[in-house]
Amino acid sequence: MRLFGAAPLIALLVPLVAWADDPAPSAVCHVRIVHALKDGNGIDPRITRMRPYLERPQFAEWHQFKLLEDKELKLPANGTADFTLPNGRKGTLTYVDHFIADKEHRLRIKLTLDRPDKRMLDTTFVLDEDGLVLQGGQKHDNGRLILGISCKTEK
Amino acid sequence: MRDKVQEYFDNELPAEERARFEAEMTADDRERLAALEEMRALINGTLDAQAGDVDIWSGVSRQLAKETAHRGRRRSRYFGGAGVFLAAAATFLLLVRPWHPRHASDNCDVENLEFHGAWASVIQLDDSPHRGDGNTTLIWTEDEGEED
């Protein structure tokens, strides 16, 4: 009889446990690599998502922006993916985790940039689903590299 | 049916198709992309400027009233329906601006930053002049001996 009394409670708990065991969704990240140059003029028409930001005063020093690459990286939960930058350095993205805060899907991503001799940058950030974060400053071919990184979970 | 240039412009192509389109892009396509971009900036600028102090609905309803006065009762009912539809469409376009895809704000929190170089800085970039793009975060790094 006692067992039957506990049945509704068990029925409630089982889905919760199953939900807790659900693996985090995998993610797709885009790394857009833009070459900023002081010479020349204009923004490559292929640059769409990053364009409004490249028009901000912070980038006024550069007058020409060319899209060098648009890399798509598929990342399983806790997975990493490497990419090579045009200046020969190695970049790595790690999909640390995914969570929901204030009803917003958020992704925690780690980015590392390595020179052949040492790790240059190691940063972890949290951003909204499909949010964009920029990393810039590395020198390349008379200009600077600006990376636009956006990630979203795969439905 | 939407064409490739428009889909590319709206960032709707899958990565592979996007890359293929970029490789095969003609001068004509580039010109169209530039024109689309220009048009979007123009429309956004105009609407942003107007949205603050122009009451579109009163203008539309005034126009509708004029139309009603000029046409027969039966006809005006038909055009009045179309006018209301147009006004609703204009309001929808003003509010939703489907030609300007909304981007999620990144709401980025940099939790950890280790850098081995000259200096690093985290800068918040706001979304103006294109409202709706959301703020974003820039992590700027400067290697030793790399300053211009």
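If I take R0 = 51 Å and measure r between the Cβ atoms of B:I123 and B:A89 in this structure, what FRET efficiency does the formula 1/(1 + (r/R0)^6) give, to the nearest 0.05? Computed FRET efficiency for B:I123 and B:A89: 0.80. For each pair in A:K118/A:K155; A:K90/A:K155; A:K38/A:K110; A:K66/A:K103; A:K110/A:K152, compute the distance between the two Cα atoms and list the pairs where it is over 26 Å. Table pairs above 26 Å Cα-Cα are A:K118/A:K155; A:K90/A:K155; A:K38/A:K110; A:K66/A:K103.
Inter-chain neighbour count for B:117-123: the average number of beta-carbon atoms from partner chains within 10 Å of each residue's beta-carbon is 3.
Need one value for A:43-52: mean number of C-beta atoms belonging to other chains within 10 Å of its residues' C-beta atoms.
That works out to 6 on average.
When peptides A:127-136, B:110-119 are ranked by their average number of other Cβ atoms within 10 Å per residue, the highest-first order is A:127-136, B:110-119.
Per the Cα gyration tensor, chain A maps to an equivalent ellipsoid with semi-axes of 43, 17, 11 Å, ordered largest to smallest. Relative to the longest principal axis of the Cα atoms of chain A, helix A:2-21 runs at roughly 10 degrees. Per-residue shielding of A:137-143, expressed as the average number of other chain Cβ atoms within 10 Å of the residue Cβ, stands at 4.
Order these peptides, A:49-61, B:5-17, by their mean beta-carbon neighbour count within 10 angstrom, highest first.
Per-residue mean Cβ counts within 10 Å order the peptides as A:49-61, B:5-17.
Each reported figure results from applying straightforward, stated rules to the coordinates on display, with no laboratory input. Keep in mind that this is a model prediction, so the values were computed, not measured. Don't worry about glycine lacking a Cβ; one is built from the backbone with ideal geometry, like all the others, and counts go over all protein chains shown.
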